[in-house]
Structures are given as C-alpha cells and as structure tokens.
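Each remark here refers to the structure printed beneath this line.
The values are calculated or read from the model by the stated rules, or taken from the named source; none is laboratory data. Note that this is a predicted model, so its numbers are computed, not measured. Cβ: placed from backbone, ideal geometry, glycine included. Neighbour counts: every protein chain shown.
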Amino acid sequence: MNLPRISALALRIATQFRRDHRTLAMIIVAPMVILSLLAYLINLTPSSMQVGVVVEDASPVAQRLAQELRALPLFQTQTASRDRVEDLIRGGGLEAVIIIPQGYGLRSAGQSGPDLEVVVDGSRSRTAPAVLQGLARATARVAANQVGASLPQPQVTYVHAGPEYTTLDYFAPTFIAFFSFLFVYLLTAIGFLRERSQGTLERLTASPLTKAEMVLGYMVGFSIFALAQAAVILLFTVYVIGIHYQGNLLIVFLIVAVLSLGAVNMGIFLSTFAATELQAVQFIPMVITPQTLLAGIFWPIPDMHPIFQWLAHLLPLTYANFAMQEVMVKGKGLLDASVQADIGALLLFAAAQVALASFAMRRART
C-alpha cells in the first residue's frame, strides 16, 4: 500500500470538489437552509381550531360545560345552530361542532341523559383527536364539581372520511403526488442530461427539426414514461397498499398527470444547468425538499409565518396536495370550484415550465 499514491488521489478528489462551486454550495448551504426551515416548522405553535358549540339544554351543568369549552385555549368557539352544522363544516367555516342536547343536565343528578354529539371534519387528521381530547378535559372539569355526574361518551359523526381512516389514508394522496413529482423530475433531468452528454441533442440541432418540434418531441417522449410511472404509483397505493379513499380515480390521475407535465419540463430546464448526473440530483435539496416542507403536508400553511405562506402558494406541490385531499378525502369532483382552482394553478405551473424548457433547449443548442 503506497501512502503517497493514496494521498495524491485524495488530493485530486478534494481539488475537484473545491473547483465545483455548485457542489460546494449543495454540501454547505443546502443542509443549513433545510435544517433551519425544518427547525422553524417543528417549533410552530398550532393555531386554534374553529369549533362551533350548540347548546340546546338550559340546565346549569350544560351552561357550565359550554363555558369550559369556550375557555379551552385550543378552541376558537362560535355559537352555532344544529340545522347549519354540516354546511358550516363543508364550507370550511368550522372544523367541528359540539352539540349539548336537550336533557343533558339530567346527568348532574345521576340520571340517564342523552349523549353529547360531535360532528367533525374528517378530512383533517388532527381534528377528531384534538376535539375529543378537549371535550374530555372540559367534561372532566364539570364532572368534578357535580356529585353523581357521569362522564359522557360522545357520539361522533364525520362529515368527510370517517373513523376507519388511518394516518396513512390521510398522507397517501399527498405522497402519490410527491413521489410522482420527484421521480418524474429525476427521470427527465437525468434522461435529458444523457441526451446532451452523448451528443444526441447536438446531432438533432443539425437536423431539420425546429425548436418547437424538439421541445414537443422531448416533452411527449418523457411524458409517456412519466404518466406510466404516475399510474403505477397511484394504482399500487390504492389497490396493493389498500388505502381508503373517496372520489374518482380518473380525476386523481388527471391531477397527477398535470403535475407530472410540469415536472417533465422542470427537469428539462434544470438539467441544462447540470454538467453531470450528480449535479442534476443535487437540485433536489433546493427544489424538491422545500416544497415537501412548505406544501402543507406535515404542517398547516395557516400556522406558518406570512412569508412562508406566500412562498407555499407559489409551489406546485401545494396545489397538488390541496387537490388530492379535496378529491381523495372529501370526495369532490371536477365541478367543485376549489378543485378547478387547484388544477388551474398546476396548469399555470406546467405552462411556465414549458416556456422555461423552450428557453433551456435554445440554450443547450448554442
């Protein structure tokens, strides 16, 4: 074993990295940016929940329970009426409604009375556990001051989804979009980079193909495999993993297809700034990872700082997350305005990436 030869090889590698400013930036800057963003998001204080309270019983114990519910720090309570409960939740005005029914005060005398009723927006994984935990805390305080009072077992009704939904069911729609976006970007960026490095793009430049024909040709060619990959991810998640879902899978595939179209052209655009496959992969920490953190997948966007909220609404994965949740968890269709708005935002992103890919193609030809 020759130590000088080993040292010479190690020095050559170090020199190569030192001259590659892009790689150095990814090694030093990217981890600091991502860790700072992650630390900020983990330390976020959850925002209060919009909870409606319907009081149909005039007994002192019912009024005391209503006061305890309004005093909970996590609840931002509103007075609601029973006949508008589902409309308020479906419209997004409330996350849950707690109904104190007529005759509930009989419990204070040790008699049997009607159970509390809880209606929750099941499309949000945190809603039901948080509401039931807060309700248990409030009823425990009331029962502590009432001799013979019993703790109720509330009847829970879900407006969207249901008690059978697991954590995986809530995250699966977003993961379908995320992994489609990630793998399509990698497929396109590395594939187009090989076209450049092998001289194929240069040979096509000398052919009768116009710039528009080249852009469309590459876009269609990569999109075929991108859509096939998206279909595999969707079908495997639904039929092999076996998640619970609502809505039409064709609409889900349409959302993923539009997102993938943008990812294809983003891959073409960013690959022109990379000289090696490693550099194409190095864009992931700066382009893909921030979207994962800011798209509302793990932390609600309204809880974030206004600057991060503004950034989140510029990211395609945010709208893909919204659309997938609306369709697969809430069961909405193409006629719903929120789904149309999210797909429209994804189409704008795809159109912008097509324009950037055209510019990148012209840059690569020169």
*So which strands (runs of 3 or more DSSP E) stay within the stretch 46-103 end to end and still have 2 or more residues that are of a type in the set (Lys, Arg) and within 13 Å of ASP121 (Cβ to Cβ)?*
none
*Within the set of pairs 6 or more residues apart or between chains, which connect a residue that is under 10 Å from ALA280 (Cβ atoms) inside the stretch 176-194 to a residue that is polar (S, T, N, Q) with Cβ atoms less than 6 Å apart?*
ALA189/SER271; PHE192/SER271; LEU193/SER271
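Every residue, every condition in (1) of a type outside the set (Lys, Arg); (2) in contact with a His (Cβ under 8 Å, 6 or more places away or on another chain); (3) crowded, with 21+ Cβ neighbours inside 10 Å, yes or no:
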{"site": "ARG64", "(1), (2), (3)": "no, no, no"}
{"site": "GLN67", "(1), (2), (3)": "yes, no, no"}
{"site": "ARG70", "(1), (2), (3)": "no, no, no"}
{"site": "THR77", "(1), (2), (3)": "yes, no, no"}
{"site": "ILE99", "(1), (2), (3)": "yes, no, yes"}
{"site": "VAL131", "(1), (2), (3)": "yes, no, yes"}
{"site": "GLY134", "(1), (2), (3)": "yes, no, no"}
*Residue pairs meeting the criteria (Cβ under 6 Å; at least 6 apart or on separate chains; first within 18 Å of LEU317 (Cβ to Cβ) and modelled with pLDDT of 90 or more, in the stretch 329-358; second surrounded by 14 or more Cβ atoms within 10 Å (Cβ to Cβ) and of a type in the set (D, E, K, R))*: SER338/GLU326; VAL339/GLU326; VAL339/LYS332
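Conditions tested, residue by residue: (1) touching a Pro at 6+ places or on another chain (Cβ under 7 Å); (2) within 25 Å of ALA312 (Cβ to Cβ); (3) modelled with pLDDT under 75; (4) assigned by TED's automatic domain parsing to the domain that holds VAL118.
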{"position": "ARG5", "(1), (2), (3), (4)": "no, no, yes, no"}
{"position": "ARG18", "(1), (2), (3), (4)": "no, no, yes, no"}
{"position": "THR23", "(1), (2), (3), (4)": "no, no, yes, no"}
{"position": "PRO31", "(1), (2), (3), (4)": "no, yes, yes, no"}
{"position": "ILE42", "(1), (2), (3), (4)": "no, yes, yes, no"}
{"position": "PRO60", "(1), (2), (3), (4)": "no, no, no, yes"}
{"position": "LEU72", "(1), (2), (3), (4)": "no, no, no, yes"}
_Given the criterion among the β-branched types (Val, Ile, Thr), part of a loop (DSSP other than H, G, I, E, B) and in the same structural domain as PHE178 (by TED's automatic domain parsing), identify the matching residue among ILE243, ILE233._
ILE243
*asked:* From the list MET324, MET266, MET286, exactly one residue is closer than 30 Å to ALA212 by Cα, crowded, with 22+ Cβ neighbours inside 10 Å and either touching a helix residue (DSSP H, G or I) at 6+ places or on another chain (Cβ under 9 Å) or aromatic (Phe, Trp, Tyr) (or both). Which is it?
replied: MET266
_Just to check your reading of the model, which residue among LEU250, LEU201, LEU270, LEU234 is over 30 Å from ILE34 (Cα atoms) and modelled with pLDDT of 85 or more?_
LEU250
*Would you kindly identify the helices (runs of 4 or more DSSP H) lying entirely within the stretch 269-366 that contain at least 1 residues that are closer than 30 Å to SER207 by Cα and of a type in the set (S, T, N, Q)?*
277-282, 337-365
